[in-house]
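The values are calculated or read from the model by the stated rules, or taken from the named source; none is laboratory data. From a predicted model like this one, the values you see are computed outputs, not experimental measurements. Note that we place each Cβ from the backbone using ideal geometry, even for glycine, and neighbour counts take in every protein chain shown. Quick note on the areas: whole protein, heavy atoms, side chains included, nothing else; ligands and nucleic acids left out. Shrake-Rupley method; radii C 1.70, N 1.55, O 1.52, S 1.80 Å.
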Amino acid sequence: MTEPNEIKVEALLSIINSSAREAMAEYKNTGHGVPGIDANTLHPLDFATDTLALRKAIRLLEGACEQLNTILAPPQHTAYNFIHNYNWACTNVATQSCIADVLEKHPEGLSVDALADAVNFDKTKLARVLRLLTLRGCFKEVKRDVFANTRLSLVLQSTNDVGFNLQHQRGCHKFAAVLYETMTNQEFARSDEVEKSPRAFALKNEGKHGSFWEMDEEASEIFHKCMIGHSVIHGSYTALHYYPWDNVSSVVDVGSGTGTISIPLAKMFPHLRVTNQDLPEILKLSRNTWEQKAPEALLDGRVEFVPLNFLEESPVVGKDVYYLRSIIHDWPDNEARVILRNIRKVIGPNSRVLIHECVLLRKFEEADVGANGSTEALEPTLLNFGSNTPYQHDMAMWLLFNGKERTLNEFKNIGASAGLVLTQTYDLVGMMLMEFRIAQD
């Protein structure tokens, strides 16, 4: 008789097999076949904005593989791997020194001696960094001590939106190092205030102060450029394809930044009238970006820029959709309620509030409302389909702002506190698009 645990392992193997085949089918549907780990060009699907089917397959594949490893490996092996993982540090070396940019000029490979000279590194240490990354398919050693780019390393180029984002992801590890201290410190331990985040604690220990949002023009430009890479990484552009924008006439991008979503939205749906709302200094950058990327929308008068501090003011009145992407997670609950209440004051009876965020899927949470496909993981994969990305992102929000990613029920609750009710959800993998409307009495 087959044991229950053996049945679970067989179920995981089945999920791995089926989800891998689904992913392969998505690649083959492009006419370009399945990419190879040593490929030195990007696959057409790597540029696509609608990769939802692929992302759903990979979510299952990652979750099942992770759980299978956890079941079959000795626990001490798995626990050790939790701590001793320096992929992030080596990736940081590669992005900071623009190694992928250098290798782009040498598709057949470059010796570690010449590469070390180009980036001013010790060749032995550089080789150690590269060999760790090659184990994950990031760079390849084409012959002894000669390295070349792969499809994975190409996204680390400084000219790539993803590479630019990763190049500037350096602070969280320092703030994570003081997490335990903040949880035992009397002043910080039980505070949800933005000023009591692990980031604030680490800076205080260094004799520094200042809000994350207090940036000079150069830092602000870097941050908003990073948000483009963030959108690519987390599949944010999928929202352009799965919400009924044809039935919308006007959109307010609340906390719009430089138009990461609103620019492609305006290009794809030229009937839309778009209002970008953010702080005045951000709107200056935004207008410049629109002039470069979507001048036709400016010439047609379909776009406006209206200053807004969403913690103190309401956005413009009476538009169809009020869109917030990666805004609510930056803030503790009190500030999140303030933002939504300020929007509630100005929306019309048929207006919708779209919140585009990571959503934490947890066991024992009630099912979501009207989702485009099930968001319940197949048994026996781990919670959140085994993908720890939303939970890692939750940690990043905690470390930086005392913010957090939320469950669907938590979004419902903060929406209800502002007089809004959740009416529809769209599972976009990693992130979810949640539609709220005015709650009926």
### Query
Using alpha carbons only, how many degrees (0 to 90, rounded to 10) separate the axis of helix 389-401 from the longest principal axis of the chain?
60 degrees
### Message
Taking θ = phi - 60°, what integer Hz values does the Karplus form 6.51 cos²θ - 1.76 cosθ + 1.60 yield along the range 214-231, in sequence order, with x for Gly and Pro?
### Response
8, 10, 7, 4, 5, 5, 5, 5, 5, 4, 6, 5, 4, 5, 5, x, 4, 5
### Query
Tell me, how many Å apart are the Cα centres for the range 223-255 and for the range 132-148?
35 Å
#### Entry: From phi via Karplus (6.51, -1.76, 1.60), per-residue ³J(HN,Hα) for the range 3-11 in Hz, x at Gly/Pro
6, x, 5, 5, 4, 5, 4, 4, 5
### Query
(1) 27.9, 94; (2) 23.0, 73; (3) 34.5, 133: which one is Rg and Dmax of the Cα atoms in Å as calculated from this entry?
(2)
## Note on the structure
Per the helix-only model, the chain has a calculated mean residue ellipticity at 222 nm (DSSP H runs of ≥4, -39500 (n - 2.57) each, divided over all residues, rounded to the nearest 500) of -14000 deg cm²/dmol
### Most mobile listed residue (Thr124, Thr51, Thr389) in the chain, GNM with C-alpha springs under 10 Å
Thr124
### Message
Using a probe radius of 1.4 Å on heavy atoms only, what accessible surface per residue do you get for the chain? Whole Å² is fine.
### Response
51 Å²
### Summary
Between Asp246 and Glu108, Cβ-based FRET efficiency (R0 56 Å, step 0.05) works out to 0.70
### Message
Given a 10 angstrom Cα cut-off, can you work out which residue in Lys267, Lys204, Lys404 is the most mobile in a GNM of the chain?
### Response
Lys204
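Subtract the Cα-Cα distance of Glu6 and Arg190 from 0.36 nm times their separation in residues, and report this length gain in nm to one decimal.
61.9 nm
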### Query
Relative to the first principal axis of the alpha-carbon coordinates of the chain, what is the inclination of helix 408-417, with its axis defined by its Cα atoms, in degrees from 0 to 90 and to the nearest 10?
20 degrees
## Note on the structure
Within the range 269-285, the residues whose backbone N lies under 12 Å from a label point placed 7 Å from the Cα of Glu296 along the Cα-to-Cβ direction are 269-271
### Query
Which whole-number percent is the relative contact order of the chain (Cα, under 8 Å, 6+ apart)?
15 percent
### Task
Amide H neighbours of Thr41 under 5 Å, at least 5 residues apart or on other chains, H built in the peptide plane: list them.
Arg151
